[in-house]
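Working notes for the structure below.
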Amino acid sequence: MWMWTVSSFIIITKVHGFANGEFPQSCASMLPVHPNRDGSIISPKNSEPPYEVQADQDVKKGAPITVFLRGKSTTFQGFILEARKNDMLQEGRPVGKFTLLDPAQTQLLTCNRNAGSAVSQTTNQEKNLIRVHWTPEGEDLNITFRATVVQSYATFWQKVDFTLPPQTSTTVPSTTKSTTEPSTTKSTTEPSTATSTTVPSTTNSTTKASTATSTTVPSTTNSTTKKAATALTSVDSLFVVLKMELSNLGTILTNSPFSHHLTKGLEISCSVICAVVEISALILFYEGDSSNVTLVALVSVVMVINFMELIFVSLPFEPHHEMKEICNLVFKVCSVIHNIITIAVVFIGVYEIDSYNKDRTEPWLLTVMAAYTAWIFLSVIWVFVFSLHRRIILRSEIGGSETSERSMQPKIKKTLTAAEMVVTAVSVFIISGATSFTIAIIVGISGRLDK
């Protein structure tokens, strides 16, 4: 069990990602360094990119230019955008300075000690359109805007370019030149391209605005998939708590073969349900965000631990068998590790879901998750205290004489002692609290499905 756990965490520590968009080492190459499982670096796609960069420029010299990066037919998770001179496009450094228009989705990078010379994403949340302003900062407008767009961890396109059309100086009025210079000079200072370049830019900017809302459905679908996986994982945590408390109750109610087999059957049923829930959550996490290796790896570890619990609880030991105590202790240790990792998965999922919301003035879902974590911590303490001091707790009311009588008379008890009633009440209280918190988390996640 420990080898599986350690191996999984080693895999997690070897994974490097840049979901927050901070990767200044890619300023020159503009390539995300995404390794395959064999250690090789994933190459960009050679097909036509489903994304485009466009710019809506002002005719006034020195005025900021609005730059758009949008998806033609799909969304994207990450990107890096720079402006480079056309004569140094391949190995050139980024020039000019960007200004953010959507700070919730974009952030500035410092490339070659030039602050604001590049733009990237803030999170890996799927998006369809980003807008920024770019000012030349003294540079001429012989510029190409170049972007690398990441659709998913293994799918991205490089060199998504938009070159600014040729510009003419508008500082000298054309009417002045028509009176002081020959007609040949006039024809060279007033090319027809000056108007033809401004009209298409206006057309492009309007078409971008109209398509921005029509292609936001894929991001909603993928985020909904991740939210469903997080809700399933919270259900898995509830059944782990139920298994642990059934194990405690089983030590009280195993005075008859029927109660012993009933408790074991319920524990096996909980393990099977956990396995089904975990497999479903693993598939949904992978479909919602295949690049999030952390959640996929943690759910895989949980599945392995749950399989070990199923083995220990299925061993055909009778209630008074000498190996029953050892197996029961190992089962509880596995359940505790199981629940800790499950809570970690739910916490990460809830945090990412809450971070998707633009309005985070009431992050009550994170508060509920923190309270649920504390509740699980208290239930774990109770499980270990009762497991280690079970005999002392149960003998505190019945005394040593009744203990010997119990060993001599195998008849079924019809009433519980005061100590056993307290243990039962605590277990039921813990299960009820875990159920309430799980319902609150699921309701909170469902309330954010449309946000």
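Just so it is clear, none of the values below were taken in a lab; they were calculated from the coordinates. These numbers were taken from a predicted model, which means no experiment stands behind them. Here Cβ is always computed from backbone atoms with ideal geometry, including for glycine, and neighbour counts include all displayed protein chains.
By the count of other C-beta atoms within 10 Å, a proxy for reagent exposure, THR99, THR106, THR66 are ordered fewest to most as THR99, THR66, THR106.
Working ranking of peptides 130-137, 42-49, 328-335 by packing, defined as the average number of other Cβ atoms within 10 Å per residue, highest first, is 328-335, 130-137, 42-49.
Sorting SER280, SER379, SER432, SER237 on the 10 Å Cβ count, fewest up front, what's the list? Walk me through the numbers on the way to the answer.
Numbers: SER280 16, SER379 23, SER432 10, SER237 27.
So the residues, fewest neighbours to most, are SER432, SER280, SER379, SER237.
Anything over 21 Å Cα to Cα? Flag those among LYS45/LYS159; LYS227/LYS332; LYS243/LYS324; LYS97/LYS127; LYS243/LYS264; LYS85/LYS127, in the order listed.
Details: LYS45/LYS159 10 Å; LYS227/LYS332 29 Å; LYS243/LYS324 16 Å; LYS97/LYS127 23 Å; LYS243/LYS264 10 Å; LYS85/LYS127 28 Å.
Pairs exceeding 21 Å: LYS227/LYS332; LYS97/LYS127; LYS85/LYS127.
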